[in-house]
There are 2 protein chains.
Amino acid sequence: MARTVYYTASSVDGFIADEHNSLDWLVDTDHDLPQDHPDHYDNFIKDMGALVMGATTYLWVTEHEPSSLEQWSYEQPTWICTHRDLPLPAQGHVETFAGDVAELHPRLVEAAQGKDVWVVGGGDLAGQFLDAGLLDEVHVQYTPVVLGGGAPLLPRRAPLRLLGVRQMGDFVAARYSLRTTG
Amino acid sequence: MARTVYYTASSVDGFIADEHNSLDWLVDTDHDLPQDHPDHYDNFIKDMGALVMGATTYLWVTEHEPSSLEQWSYEQPTWICTHRDLPLPAQGHVETFAGDVAELHPRLVEAAQGKDVWVVGGGDLAGQFLDAGLLDEVHVQYTPVVLGGGAPLLPRRAPLRLLGVRQMGDFVAARYSLRTTG
């Protein structure tokens, strides 16, 4: 059974974007991030078979990488959870979905063809999967910065189980499972 | 020179107390917390020569450990940063201080007699030391839980430098320095 994994960078104080919805603190830095680390994005993405994200995350991608509206940035089939009518890439498998994530989940798993499902973000979408009992793991890469405000990592109250933590250059890579799963 | 260290438990999403100012999620649990770990409180406290905390933290201690008003819970001299007139322990060195933490800091360092100064909390007090350029390190013990709201870990925007991270039973113990110090 494919895992459904929320994998995200976060500030030390639990924000995935700053108060201006910016990721400058993450990308415009000289942080050491060893590419061969098992928790590095390049390794993580190999195990993902389908992606799901919210509208804010999708718009962030398409604004910061305009070519993604020509050719979608990911090989994996991708669902955007939104009630909005968003411009979609000319090429690549991207669909919008408006409804309960519990209805979408079987389609994500089927599309992943035995690989895992990546909940890209934001935090509220991950929370919807958590509420439905469909979130298996949370992987956080803590960036060495405090932001003091912004978009919350996972706006829910829930116990987790630590699967492991590793230093990844200047980052802390922590992996958790939901205690109620498995 | 003594270090000034903000050492605190936090949820995975960066809260040091929940929305009801409770630490139940931290203390009323069956988490594995190996006492011989270098980041365990019992080892950390040995290096501390003086303590400073805000009124909320002080009141939490005295409410949850009423005997602390007879004999203060810590051997180290302790300062409470507050403008309020708080009941103080009958025995033990506890003073209140109302003013700029930059004025208090030399007294904390002197009282620590070569050991370190522990900023117990909360987050805003740690932020005041950060603002004054007097915070050297932030040690976070991430508890395996998300809270979704509560008292923020460190309500400031600042770059940090990862000193190291270790698994401590069910906890992630991460140590940071302020990038501007040292």
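The values are calculated or read from the model by the stated rules, or taken from the named source; none is laboratory data. This is a predicted model, so every value here is computed, not measured. Neighbour counts run over all protein chains shown; Cβ positions are idealised from the backbone, glycine included. Calculation scope for accessible area: heavy atoms of the full protein, side chains included, ligands and nucleic acids excluded. Shrake-Rupley method; radii C 1.70, N 1.55, O 1.52, S 1.80 Å.
Taking a point 7 Å out from Cα toward Cβ as the label site, list the nm distances between B:Ala102 and the same residue in every other copy, smallest first.
Nearest first, the other copies' label points are 5.7 nm away.
Where the only charges are on Cβ atoms (+1 Lys, Arg; -1 Asp, Glu), what is the dipole of chain B about its Cα centre, to the nearest 20 debye?
Numbers: 11 positive and 26 negative charges, 167 e Å.
Magnitude of the dipole: close to 800 debye.
Let me check something: with ligands and nucleic acids excluded, how do B:Ile16, A:Ile80 order by accessible area (1.4 Å probe), largest to smallest?
Numbers: B:Ile16 30, A:Ile80 0 Å².
Largest to smallest exposure gives the sequence B:Ile16, A:Ile80.
Under 18 Å Cα-Cα from B:Lys46, which lysines qualify once same-chain neighbours fewer than 8 residues away are excluded?
Straight-distance partners of B:Lys46: B:Lys115.
Give, rounded to the nearest 20 debye, the magnitude of the charge dipole that the protein assembly as shown has about its Cα centre when Lys and Arg contribute +1 at Cβ and Asp and Glu contribute -1 at Cβ. Walk me through the numbers before you get to the answer.
Details: 22 positive and 52 negative charges, 59 e Å.
Around 280 debye, computed over the protein assembly as shown.
Which percent of Cα-Cα pairs in region B:35-146 sits in each 5 Å bin, short to long?
Per 5 Å bin, starting at 0, the Cα pair percentages come out as 2, 11, 21, 24, 22, 13, 6, 1.
From zero up to wherever the largest Cα-Cα distance of region A:137-182 sits, split into 5 Å bins and tell me the percent of pairs in each.
5, 19, 23, 24, 20, 7, 2
If I take R0 = 30 Å and measure r between the Cβ atoms of A:Leu86 and A:Glu110 in this structure, what FRET efficiency does the formula 1/(1 + (r/R0)^6) give, to the nearest 0.05?
Numbers: r = 23 Å, r/R0 = 0.77.
So, using R0 = 30 Å, E works out to roughly 0.85.
How many nanometers, to one decimal and shortest first, lie between the label point of A:Asp28 and those of its other copies, if labels sit 7 Å from Cα toward Cβ?
Output for A:Asp28: 4.5 nm, nearest copy listed first.
Over the Cα atoms of the protein assembly as shown, Rg to Rh with Kirkwood Rh, two decimal places?
My calculation of the ratio gives 1.02.
Computed on protein heavy atoms with a 1.4 Å probe, what is the summed buried accessible area for the chain pair A and B, in Å² to the nearest 100?
2700
Just which residue of chain B brings its Cβ nearest the axis of rotation onto chain A, and by how many angstrom, rounded whole?
Residue plus distance in Å, as requested: B:Gly14, 1.
Place the label 7 angstrom along Cα→C-beta at A:Gly133 and in each other copy, then list the distances from the first to the rest in nm, shortest first.
From this label point to the equivalent ones elsewhere in the assembly: 5.6 nm.
Within chain A, which DSSP H helices have Cα atoms that stretch 20 Å or more along the helix axis and a mean Kyte-Doolittle hydropathy of at least -1.0? List each step's numbers first, then the result.
Working: long enough: none.
Helices meeting the span and hydropathy rule in chain A: none at all.
Using only the alpha-carbon atoms of region B:49-96 as identical scatterers, what base-10 log of I(q)/I(0) does the Debye formula give at q = 0.20 Å⁻¹?
Each listed q maps to, in turn, -0.56.
Using a 10 Å cut-off around each Cβ of peptide B:159-168, what is the average number of partner chain Cβ atoms that fall inside?
On the way: counts 7, 8, 4, 12, 1, 2, 9, 2, 5, 2.
Across B:159-168, the average partner-chain Cβ count within 10 Å equals 5.
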